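Here is the structure we will look at.
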Amino acid sequence: MFVSFVRTLILYVIIVAAIRLMGKRQVGELEPTELVAAILISDLAAVPMQDIGIPLLSGVIPILTLLALELISAELSLRSIRFRSLLCGNPVFLIKDGKIDQKAMAATKLSLDELSQCLRENGISDIKTVKFAILETSGRLSTFLYPEYAPLTAAQEKANTDLEIPLPVISDGTILSRNLSILGWDRRWLLGELSGTSPDNVYLMTATRRGTRTIIPKEDPK
Amino acid sequence: MKRMIMPLLLLVFVTLFCSVCILRTDQICNETADLIKQAGERFQQGSYEEAEDFIRRSQFCWDSHEGFLGMVLRHTESDDVGFMFPPLLASCRAKNRDAFLEKELELESYLRQLSRMEIPYYFNVL
């Protein structure tokens, strides 16, 4: 009995430390790798906790290994867009300009019932009112209504502008050609907007179809 | 790059630790099995006291690493080996050839099997 108690204490400390090192996202929205790590870690911890005939190390070693792998994949995801999209996928437009993208629906294996449910959860009862619906990599659905159906804000009342979603076109120095083409812009326009600044020196640049852009330059690491 | 150092070092540490555990387990199991084998040879030659001495040395070798073995092997496995020594010793004292050879073979092959089980051969991994 006492052995089980001590083992539980040890495993608890190790798991809490591992989850803490993985970051706060681990507790809330989970990316696929994080979800796998969380499920496996809890499962691995339970086995030596319940069976005192199994060495504690047979639970600790896999947990430490998972922790190291999770930290490495998180760092690689931060550095490489390709690696990030490989592990976590890309956000997918399920509704674009009010039309359901059936190919995207099939690719994401989302049924119409599930889409309707997600829309209802966002307080939307009519698909026609949705201009954009994006399935995020966390599995959540982000929705943007047509301006005439969206709750009016003070800024919209003054400007009366059409809804524009700014998309990132440069992320940590990397030009996102896919987003550029979605917006209808090209590299020449992008370099022109940067007015001589190299894309390598840009941390984040977002743009809209109208050409509205926001540029956040990279900070000096020193 | 700095943030990669910690997880990479952790992976290296885990790998090294596992390798050391495998090598040490293999060494202890084979050392114990070798002593048991020598006990069998002495018994066949009629040197019963020497055989008994080798069994005791083998048991001491196993028992002195009990802490480490309990850390890397299933507790039932390390306990099973410990339980096999007294009947082997008893059959040696009784000079019961058939019983001794049976128990000696059983213990030796079990120890060799334990050392193989810890090595990450593909069939062990699978």
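Quick check on segment B:35-43. Is at least one of its residues of a type in the set (Phe, Trp, Tyr), in a helix (DSSP H, G or I) and within 14 Å of chain A (Cβ to nearest Cβ)? Scanning segment B:35-43, I find no residue that is of a type in the set (Phe, Trp, Tyr), in a helix (DSSP H, G or I) and within 14 Å of chain A (Cβ to nearest Cβ), so the answer is no.
When A:Leu66, A:Leu135 are checked against the criterion of being within 14 Å of chain B (Cβ to nearest Cβ) and touching a helix residue (DSSP H, G or I) at 6+ places or on another chain (Cβ under 9 Å), a single residue qualifies: A:Leu66. The set of residues in segment B:104-123 that are open to solvent by less than 90 Å² (accessible area, probe 1.4 Å) and closer than 27 Å to B:Glu52 by Cα comprises B:Glu104, B:Leu107, B:Glu108, B:Ser109, B:Tyr110, B:Leu111, B:Arg112, B:Gln113, B:Leu114, B:Ser115. Close Cβ contacts (under 8 Å, 6 or more residues apart or on different chains) running from residues in segment B:1-19 that are within 7 Å of chain A (Cβ to nearest Cβ) to residues that are outside any helix (DSSP H, G or I) and of a type in the set (Gly, Ala, Ser) are absent.
One residue is enough: does segment B:115-125 have a residue meeting the conditions at pLDDT 90 or above and of a type in the set (A, V, I, L, M)? No. Within this structure, A:Phe93 fails the test of being of a type in the set (Phe, Trp, Tyr) and more than 25 Å from A:Glu193 (Cβ to Cβ).
Okay, residues lined up against (1) of a type in the set (Asp, Glu); (2) touching a His at 6+ places or on another chain (Cβ under 6 Å); (3) more than 29 Å from A:Leu57 (Cα to Cα):
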residue	(1), (2), (3)
B:Ala33	no, no, no
B:Arg42	no, no, yes
B:Gln45	no, no, yes
B:Asp53	yes, no, yes
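Across segment A:124-151, the number of residues qualifying as of a type outside the set (A, V, I, L, M), assigned to a loop (DSSP other than H, G, I, E, B) and within 23 Å of A:Pro166 (Cβ to Cβ) comes to 10. Exactly one condition in (1) in contact with a Lys or Arg (Cβ under 9 Å, 6 or more places away or on another chain); (2) at pLDDT 85 or above; (3) open to solvent by less than 40 Å² (accessible area, probe 1.4 Å); (4) within 14 Å of chain B (Cβ to nearest Cβ) is false for A:Val60; which is it? Checking A:Val60 against (1) in contact with a Lys or Arg (Cβ under 9 Å, 6 or more places away or on another chain); (2) at pLDDT 85 or above; (3) open to solvent by less than 40 Å² (accessible area, probe 1.4 Å); (4) within 14 Å of chain B (Cβ to nearest Cβ), the one that fails is (1). Of the residues making up segment A:211-222, those that are outside any loop (DSSP other than H, G, I, E, B) and not charged (D, E, K, R) are A:Thr214, A:Ile215, A:Ile216, A:Pro217. One residue stands out in segment A:194-210 among those that are within 15 Å of A:Ser181 (Cβ to Cβ) and part of a loop (DSSP other than H, G, I, E, B): the one that is modelled with the highest pLDDT, namely A:Thr208. Among the residues of segment B:71-90, is there at least one that is open to solvent by less than 40 Å² (accessible area, probe 1.4 Å), within 14 Å of chain A (Cβ to nearest Cβ) and among the charged types (D, E, K, R)? Scanning segment B:71-90, I find at least one residue that is open to solvent by less than 40 Å² (accessible area, probe 1.4 Å), within 14 Å of chain A (Cβ to nearest Cβ) and among the charged types (D, E, K, R), so the answer is yes.
The values are calculated or read from the model by the stated rules, or taken from the named source; none is laboratory data. Being a predicted model, the structure only gives us computed values, none of them experimental. Reconstructed Cβ throughout: ideal geometry from the backbone, glycine too, with neighbour counts over all protein chains shown. All accessible areas refer to the heavy atoms of the entire protein, side chains included, with ligands and DNA or RNA removed. Shrake-Rupley method; radii C 1.70, N 1.55, O 1.52, S 1.80 Å.
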